[in-house]
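The structure appears right after this line, and notes come after that.
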Amino acid sequence: MNAPSQKARPAPPLHFGQVVIGPPGSGKTTYCRGMQEFLTNLGRKVVVVNLDPANEHLPYECAVDISELVTLDDVMEGLKLGPNGGLIYCMEYLETNIDWLEAKLKQHHDSYFLFDCPGQVELYTHHSAVKNVFSQLSKWNFRLTSVHLVDSHYCTDAAKFISVLCTSLSTMLHVELPHVNILSKMDLIEQYGKLAFNLDFYTEVLDLSYLLDHLAADPFFKKFLHLNEKLAEVIQDYSLVSFVPLNVQDRESMVQVLRTVDKANGYCFGDLEERNLQAMMSAAVGADFQFDATLGVQERYVESNKQTVEEEVMNL
């Protein structure tokens with residue numbers, strides 16, 4: 001006699017969203033505000049979830065705020081911790097009280113989610129608390145894309161750009177989510193210096209040997225040439241890192257970022273709303289469209305340089 005069959009538990013409803021991460025000052029909160037307004041204008045119901053306990057003055061309407069659970073100031077004062085140790089404690093406290101987050105999110109079951117995360121780099125490169133929170137969200141059937149913002153002016157410094165590449169790669173491997181790297185504040189990219197190469201060299205992370213040659217021209221970094229070569233080898237061996245340029249105030253730039261994010265988490269192929277022709281085309285665009293978009297950004301924000309990469313290196 002067969003045992004009575006047990007009814008399978010229904011799968012939780014499907015949710016889509018973005019977890020917005022990156023170093024301090026990279027523009028995460030500004031991005032969340034801009035993306036919230038942009039999605040609202042497109043007719044997509046969106047809520048912002050603030051997971052940064054140090055975010056005291058929010059410029060956007062916040063549906064869920066971690067400050068209701070824990071704040072950095074309280075932790076620093078009560079446990080006598082510094083800002084870095086305090087942020088790590090706050091994220092571990094959130095992980096321990098994940099049921100609080102689950103109850104808050106259930107109140108917005110029919111929305112698209114933007115998670116505004118803390119700006120401490122080690123939370124995304126080797127500490128496990130934030131990663132475990134993201135993993136739990138995935139178990140609740142959240143299809144999330146990790147949107148990693150990096151200040152675009154790092155492109156003007158070869159050493160800093162290699163450091164950014166290493167951080168981005170480490171974050172991609174550790175967080176374990178569909179991932180989009182973004183060069184933010186494109187309108188300010190040459191505020192701190194001129195780019196050595198065309199913008200697509202940085203967004204597509206082309207042959208880094210040219211960047212190493214540029215770096216070797218600096219007497220300080222010349223003695224670290226072999227170290228930089230090995231770092232470049234690691235980045236190119238993985239061949240994972242690329243960037244999408246962004247100026248939050250530019251509509252075309254926001255469209256390109258949204259298309260890339262939606263392709264990464266599968267939103268364009270979801271069944272939650274009717275898809276129009278434009279949405280279908282956004283899922284079908286390939287490398288040619290990305291290249292054209294990068295050229296458009298360069299024309300707007302980067303001073304023209306009509307030399308080839310080889311010619312630029314010969315002139316160094």
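Under 5 Å from the amide H of Val244 lie the amide H atoms of Asn181, Ile182, Leu183, each residue being 5 or more positions distant or on a separate chain, with H modelled from the backbone and absent for Pro and chain starts.
Stretched out straight at 0.36 nm per residue, the stretch from Asn84 to Lys139 would grow longer than its current Cα-Cα span by 17.0 nm. Across the accessible surface of the stretch 27-170, with the other protein chains kept in place and a 1.4 Å probe, carbon and sulfur atoms take up 46 percent.
Accessible surface ranking for Cys32, Cys166, 1.4 angstrom probe, highest first: Cys166, Cys32.
Phi angles across the stretch 77-88 convert, under the Karplus curve 6.51 cos²θ - 1.76 cosθ + 1.60 with θ = phi - 60°, into 3J(HN,Hα) values of 6, x, 10, 6, 9, x, x, 5, x, x, 5, 4 Hz, Gly and Pro given as x. Assuming R0 = 30 Å, can you tell me the calculated FRET efficiency for the pair Asp218 and His126, based on Cβ-Cβ distance, to the nearest 0.05? That gives a FRET efficiency of 0.55. Applied to the stretch 225-242, the Karplus parametrisation 6.51 cos²θ - 1.76 cosθ + 1.60 on θ = phi - 60° returns per-residue 3J(HN,Hα) values of 4, 5, 4, 5, 4, 5, 4, 5, 4, 4, 4, 6, 5, 6, 6, 10, 8, 8 Hz, with x for Gly and Pro. Here the simple spin-label model places points 7 Å from the Cα toward Cβ, and for His57 and Asp157 these points are separated by 2.6 nm.
State which entries of Lys131/Lys263; Lys80/Lys160; Lys80/Lys131; Lys28/Lys223 exceed 28 angstrom in Cα-Cα distance in the structure shown. Among Lys131/Lys263; Lys80/Lys160; Lys80/Lys131; Lys28/Lys223, the Cα-Cα distance tops 28 Å for Lys80/Lys160; Lys28/Lys223. For the stretch 174-181, backbone phi angles converted through the Karplus equation (6.51, -1.76, 1.60; θ = phi - 60°) give residue-by-residue couplings of 7, 5, 6, 10, x, 10, 10, 8 Hz, Gly and Pro being listed as x. Ranked by the mean number of other Cβ atoms within 10 Å per residue, highest first, peptides 231-242, 141-152 order as 141-152, 231-242.
Accessible area per residue for the stretch 106-231 is 42 Å², calculated with a 1.4 Å probe on protein heavy atoms, without ligands, DNA or RNA. In this label model, Asp237 and Val255 are separated by 4.1 nm, measuring between points 7 Å along each Cα→Cβ vector. How many angstrom lie between the C-alpha centres of the stretch 218-261 and the stretch 118-181? Answer, in whole Å: 13.
The values are calculated or read from the model by the stated rules, or taken from the named source; none is laboratory data. Please read all numbers here as calculations on a predicted model, not as lab measurements. Glycine gets a Cβ as well: all are built from the backbone with ideal geometry, and neighbour counts include every protein chain shown. The area values use the complete protein model at the heavy-atom level, side chains included, leaving out ligands, DNA and RNA. Shrake-Rupley method; radii C 1.70, N 1.55, O 1.52, S 1.80 Å.
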